[in-house]
Each structure stands twice: as structure tokens, then as C-alpha cells.
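Below you'll find the structure, written out as C-alpha cells, and then a few comments.
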Amino acid sequence: MDNETFLQEQQDQMSGMLRPYQSELRRRERLADFVNKCIRSAGRDDFFQLDELLNSRMAAEVEAEAGYEGIREVFERLRQDTAEKVDHYRVQFLGDFTRLVEEAELPLENDFPRLTLLKGMDLEIKFNEKHAVLNGKVLKTVDPQRIMRAVLRLKRRLYDRTFNPQDFIDRLYAACERVVAVEGGHIGSGASLPLVYREYTWSLQAQSFFQNMAKGRFREYDADQLAVDFWRYFSSDVTSTSEGYVPRLSTGRGAGMWVVDQLGEKRRYSLLSFHDREDS
């Protein structure tokens with residue numbers, strides 16, 4: 001056996017013996033880091049984060065670890081304290097937010113922490129992460145008044161603008177026809193809803209935009225607006241296109257979009273088709 005091979009074999013054996021000790025060291029460091037995180041959260045009185053930490057699987061691992069005798073009692077005292085603070089804050093938040101909703105004369109479906117206001121306006125409160133999510137947009141606050149201001153801005157954008165249900169469904173039909181013409185198929189078989197949405201958005205642009213496509217001249221029309229406009233159409237007196245075609249949403253394998261349908265439910269659909277009123 002040459003010298004290089006001999007030394008390599010000895011290194012491999014020592015590495016093999018060291019490996020379980022390194023693994024155990026990493027495990028212990030992970031537990032220690034967790035306890036330090038709890039200490040920092042308690043020091044800041046960050047009861048939301050502390051509540052999440054103390055009810056995690058890692059807390060159970062620490063409680064079962066040799067060398068941490070007595071920490072179970074500490075964790076239990078902190079759990080009781082944080083649970084009371086979290087409950088108090090949630091009750092206070094919901095009371096304040098409900099009052100603001102009532103003052104704005106908005107509906108509210110309460111499945112806390114998920115809240116639904118007007119159709120197509122969904123809010124989730126994430127206290128542990130110190131933010132709220134409104135229609136997919138993160139609001140870096142859990143202050144009821146700041147959240148309500150964001151809700152009212154969204155309402156103005158989705159509901160307070162002029163809406164003509166007949167024009168909406170006629171434009172959608174025309175957009176669907178253009179998609180079918182390019183993709184092939186038949187309008188009664190359905191066209192990709194995302195492609196119809198794109199064509200519909202183009203139809204909203206002024207003719208001057210196509211001579212000068214500067215960003216500031218583009219008329220924005222996002223997916224939230226489409227979802228709500230479907231609902232505004234379904235809840236109107238208009239039931240078909242001017243030519244008597246009735247829209248039908250359906251699911252499929254392709255990409256989809258969230259739509260508030262005729263039942264007032266927010267669902268993901270991938271196809272839009274149109275049918276004679278007699279066939280619908």
C-alpha cells in the first residue's frame with residue numbers, strides 16, 4: 001500500500017467516526033437556536049411569534065431533550081400568557097374592524113382569520129407574520145384602520161367605476177371569437193379564459209394607444225376586475241349578448257383564472273364558451 005492510499009484510508013475512517021458527532025452537534029445547535037429565538041421574542045413581548053414558536057414541533061423536541069429539564073414548565077407559563085394576549089388582540093381587532101366595515105356600509109362574511117367583504121374582495125389576517133393579505137396583495141400591517149383604507153381603495157377600483165353589463169358581455173363574446181379564430185375550434189366548445197381576458201383587455205384600449213404604446217397610455221384591467229365584472233354581469237338584468245348568446249364558464253386542464261360566478265362563489269375556471277339561449 002503506497003503512502004497516499006494509506007493516509008486516505010485513515011482520513012476516511014476518522015471522518016466516519018466524526019460524522020455522527022457532527023450530526024448530533026448540529027441537532028443540539030438547532031435546539032439552542034430555537035430557545036434563543038424564544039428568548040428574543042419574549043424580550044420584545046412579541047406574543048404572536050412566541051405563541052407560534054411555543055406551539056410548534058420544535059418546542060416539543062426541546063421539552064423532550066435531556067439537559068433541558070424544567071423548560072416544559074417555563075414553556076407552559078409562556079403559553080398561557082401568550083394565548084391570553086393573542087385572544088385579547090384578536091377580539092379587539094375584530095371589534096374595531098367590524099365597526100369600520102359597518103361605518104363603510106360594507107357586507108362582511110366572517111370566517112376569521114379569513115374575511116370576505118364584497119364579492120371578489122377577500123381578506124386574510126396573519127397576525128403571526130404581522131401582515132394582512134387583500135386579494136393576494138400583502139399589506140404590511142395589522143392595523144384595522146390602515147387595512148380598511150386599503151379595502152376602500154380596492155372597492156373604488158372594482159365596484160365604484162361605471163359598469164355596463166351589456167357592453168361587457170358583448171366585448172367578451174368578441175374577444176372569445178378572436179381567440180377561437182386563432183386557436184381553432186368553435187366558440188361553443190370554449191376558449192382559454194386567460195387568452196380571452198388578454199383579448200378583452202386589448203379591446204378596452206383607445207385607438208391612440210396603438211399609435212403610441214407608452215406605458216402611461218395603457219388602460220389597466222387586472223384579473224380582479226375581470227372576476228368582479230363577471231359577478232356584476234351575472235347579478236344584473238342582462239342575461240346574454242346582444243345577439244342572444246349566453247356565456248358559460250367551465251374547468252379544464254389549461255391555465256385558469258379566478259371568477260365570481262353566477263352563484264356568487266369565487267372559483268377557478270379555465271374555459272369560456274357561448275351558446276344560443278335555447279341551448280343554455
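The values are calculated or read from the model by the stated rules, or taken from the named source; none is laboratory data. None of these values were measured; they are calculated from a predicted model. Cβ sites come from the backbone with ideal geometry, for glycine too, and all protein chains shown count toward neighbours.
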Qualifying residue in the range 214-221 (condition: modelled with pLDDT of 90 or more and among the hydroxyl-bearing types (Ser, Thr, Tyr)): no
Among residues of the range 233-260, those that are in contact with a helix residue (DSSP H, G or I) (Cβ under 7 Å, 6 or more places away or on another chain), assigned to a loop (DSSP other than H, G, I, E, B) and surrounded by 14 or more Cβ atoms within 10 Å (Cβ to Cβ), counted: 5
Count of the range 172-193 residues which are buried (at least 17 other Cβ atoms within 10 Å of the Cβ) and either assigned to a helix (DSSP H, G or I) or outside the structural domain of Tyr269 (by TED's automatic domain parsing) (or both): 8
Selection count where residues are at pLDDT 90 or above, of a type in the set (D, E, K, R) and touching a helix residue (DSSP H, G or I) at 6+ places or on another chain (Cβ under 8 Å), scope the range 140-191: 3
Subset of the range 97-121 [surrounded by 15 or more Cβ atoms within 10 Å (Cβ to Cβ) and β-branched (Val, Ile, Thr)]: Val101, Thr116
Filter result for Met148 (crowded, with 17+ Cβ neighbours inside 10 Å and over 30 Å from Val246 (Cβ atoms)): yes
Scope the range 238-257; condition free of Cβ contacts under 8 Å to residues at least 40 places away in the same chain and within 18 Å of Ala223 (Cβ to Cβ); matching residues: Thr251
Candidate set from the range 261-280 (those that are buried (at least 17 other Cβ atoms within 10 Å of the Cβ) and small (Gly, Ala, Ser)); member that is farthest from Asp167 (Cα to Cα): Ser270
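Condition check ((1) more than 20 Å from Phe48 (Cα to Cα); (2) not in a strand (DSSP E or B)) across all residues:
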site	(1), (2)
Leu115	no, no
Gly120	yes, yes
Ile125	no, no
Glu129	no, yes
Val138	no, no
Thr141	no, yes
Ala150	yes, yes
Arg153	yes, yes
Index of the failed condition, Val133 passing every other in (1) under 18 Å from the mean Cα position of the chain (by Cα); (2) within 19 Å of Ala227 (Cβ to Cβ); (3) in a helix (DSSP H, G or I): (3)
Residue pairs meeting the criteria (Cβ under 7 Å; at least 6 apart or on separate chains; first in the same structural domain as Ala64 (by TED's automatic domain parsing), in the range 25-37; second of a type in the set (Asp, Glu) and not in a helix (DSSP H, G or I)): Leu31/Glu65
Criterion violated by Ala83 - all others in (1) of a type outside the set (Phe, Trp, Tyr); (2) exposed (fewer than 15 other Cβ atoms within 10 Å of the Cβ); (3) touching a strand residue (DSSP E or B) at 6+ places or on another chain (Cβ under 9 Å) satisfied: (3)
Hits in the range 125-145 (condition: surrounded by 18 or more Cβ atoms within 10 Å (Cβ to Cβ) and of a type outside the set (A, V, I, L, M)): Phe127, Asn135, Pro144
Subset of the range 1-43 [touching a helix residue (DSSP H, G or I) at 6+ places or on another chain (Cβ under 7 Å) and either of a type outside the set (Phe, Trp, Tyr) or not in a helix (DSSP H, G or I) (or both)]: Leu31, Val35, Lys37, Cys38, Ser41, Ala42
